[in-house]
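Comments concern the structure below.
The values are calculated or read from the model by the stated rules, or taken from the named source; none is laboratory data. Keep in mind it's a predicted model, so treat the numbers as computed, not measured. Note: ideal-geometry Cβ built from the backbone for every residue, glycine included; neighbour counts use all protein chains shown. Accessible surface areas use protein heavy atoms only, side chains included; no ligands, DNA or RNA. Shrake-Rupley method; radii C 1.70, N 1.55, O 1.52, S 1.80 Å.
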Amino acid sequence: MINSELSALYEVSSAISHSIDLQGLLTDVLDTVTGLEVLRALKVERKVVIFIVEGERMKLFTGPGQSAPFLDAHKDMKVGDCLCGLAAKTGETIVSKNSLKDPRHTIKYPGRRSHGHIVIPLRAVGGVVGVLCLYLPDDVDVSERTMKLLLSIGDQLGMAISNSMLYEETKSLSLRDPLTGLANRRSEERRVGKECRSRLSRYH
């Protein structure tokens, strides 16, 4: 078991190191998490989702497997809503053994079926930056050891997401004046240079 836990942490750490931009990071993480041996043993479904906290809103990132009604039902989700919003609000891991019987599971949509959940808050220095939501079969028991592993993975992801968000904010500030919102000189020089090269190439 120790080897599989170390392997899981290594795989997640490797996925995190592949990309600094948020979209690339989350894509790599979703692909990696769904393939972890320790989660396959729990029969975790491949439709893992991540929510990013943006103020009071929850922005959904998901791999393949989620239905259109699911995506539509979660597009305006807020901190505090349903299980994932509750985990974001409290910073506590939430385990739900049956989505149809759990009163905390408040978001409903056509085609929803019974399943279990583990919702892990993704923490960084400033607080919770998102949540990782895993889908399990009904009434699955998760050992304390596995929960500790999932919390470690959550801490890794939280810091990586925080760093990625800081990178994107810094990148945005380097391209635009923070007061006016207008492109700064360096950004404008790049744009003009690119446009000139594009026009020159049309005449060669």
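Does LEU134 count as open to solvent by less than 40 Å² (accessible area, probe 1.4 Å), modelled with pLDDT of 90 or more and hydrophobic (A, V, I, L, M, F, W, C)?
Yes.
Tell me whether the stretch 18-26 contains one or more residues that are over 29 Å from ARG112 (Cα atoms), open to solvent by 30 Å² or more (accessible area, probe 1.4 Å) and not charged (D, E, K, R).
Looking for residues that are over 29 Å from ARG112 (Cα atoms), open to solvent by 30 Å² or more (accessible area, probe 1.4 Å) and not charged (D, E, K, R), one finds at least one in the stretch 18-26, hence yes.
Within the stretch 57-67, track down each residue that is without any contact (Cβ under 8 Å) to a residue 24 or more places away in the chain and more than 18 Å from HIS115 (Cβ to Cβ). Break it down stepwise before answering.
Residues of the stretch 57-67 that are without any contact (Cβ under 8 Å) to a residue 24 or more places away in the chain, as a first pass: 57, 59-60, 64-66.
Once the filter is applied, which keeps residues that are without any contact (Cβ under 8 Å) to a residue 24 or more places away in the chain and more than 18 Å from HIS115 (Cβ to Cβ), the stretch 57-67 yields ARG57, LYS59.
Just one of ALA41, ALA15 is surrounded by 15 or more Cβ atoms within 10 Å (Cβ to Cβ), without any contact (Cβ under 8 Å) to a residue 60 or more places away in the chain, at negative phi and in contact with a helix residue (DSSP H, G or I) (Cβ under 9 Å, 6 or more places away or on another chain); which is it? Don't jump to the end; show me each part of the working.
Values: ALA41 fails: surrounded by 15 or more Cβ atoms within 10 Å (Cβ to Cβ).
Sole residue among the options that is surrounded by 15 or more Cβ atoms within 10 Å (Cβ to Cβ), without any contact (Cβ under 8 Å) to a residue 60 or more places away in the chain, at negative phi and in contact with a helix residue (DSSP H, G or I) (Cβ under 9 Å, 6 or more places away or on another chain): ALA15.
Evaluate the stretch 34-54: report whether one residue or more is among the hydrophobic types (A, V, I, L, M, F, W, C) and assigned to a helix (DSSP H, G or I).
Within the stretch 34-54, the subset among the hydrophobic types (A, V, I, L, M, F, W, C) is 36, 38-39, 41-42, 44, 48-53.
Going one step further and asking which of them are assigned to a helix (DSSP H, G or I), we end up with 38-39.
Looking for residues that are among the hydrophobic types (A, V, I, L, M, F, W, C) and assigned to a helix (DSSP H, G or I), one finds at least one in the stretch 34-54, hence yes.
I'd like the residue in the stretch 65-97 that is part of a helix (DSSP H, G or I), in contact with a Gly (Cβ under 7 Å, 6 or more places away or on another chain) and not hydrophobic (A, V, I, L, M, F, W, C) and, out of all such residues, is most open to solvent (accessible area, probe 1.4 Å).
Once the filter is applied, the top-ranked residue is LYS89.
Looking for something at pLDDT 60 or above and among the acidic types (Asp, Glu) - is there at least one such residue anywhere in the stretch 190-202?
Looking for residues that are at pLDDT 60 or above and among the acidic types (Asp, Glu), one finds none in the stretch 190-202, hence no.
For (1) modelled with pLDDT of 70 or more; (2) more than 17 Å from GLN23 (Cβ to Cβ); (3) surrounded by fewer than 16 Cβ atoms within 10 Å (Cβ to Cβ), each residue gets a yes or a no:
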{"position": "LYS148", "(1), (2), (3)": "yes, yes, yes"}
{"position": "GLY154", "(1), (2), (3)": "yes, yes, no"}
{"position": "SER164", "(1), (2), (3)": "yes, no, no"}
{"position": "SER174", "(1), (2), (3)": "no, yes, yes"}
{"position": "PRO178", "(1), (2), (3)": "no, yes, yes"}
{"position": "LEU182", "(1), (2), (3)": "no, yes, yes"}
{"position": "SER187", "(1), (2), (3)": "no, yes, yes"}
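Here is a check on your reading of the model: is SER143 more than 20 Å from ASP31 (Cα to Cα) and without any contact (Cβ under 8 Å) to a residue 12 or more places away in the chain?
For SER143, the condition - more than 20 Å from ASP31 (Cα to Cα) and without any contact (Cβ under 8 Å) to a residue 12 or more places away in the chain - is met.
Looking at the stretch 107-129 only, could you name the residues that are at positive phi and either part of a strand (DSSP E or B) or under 12 Å from the mean Cα position of the chain (by Cα) (or both)?
GLY127 - this is the single residue of the stretch 107-129 that is at positive phi and either part of a strand (DSSP E or B) or under 12 Å from the mean Cα position of the chain (by Cα) (or both).
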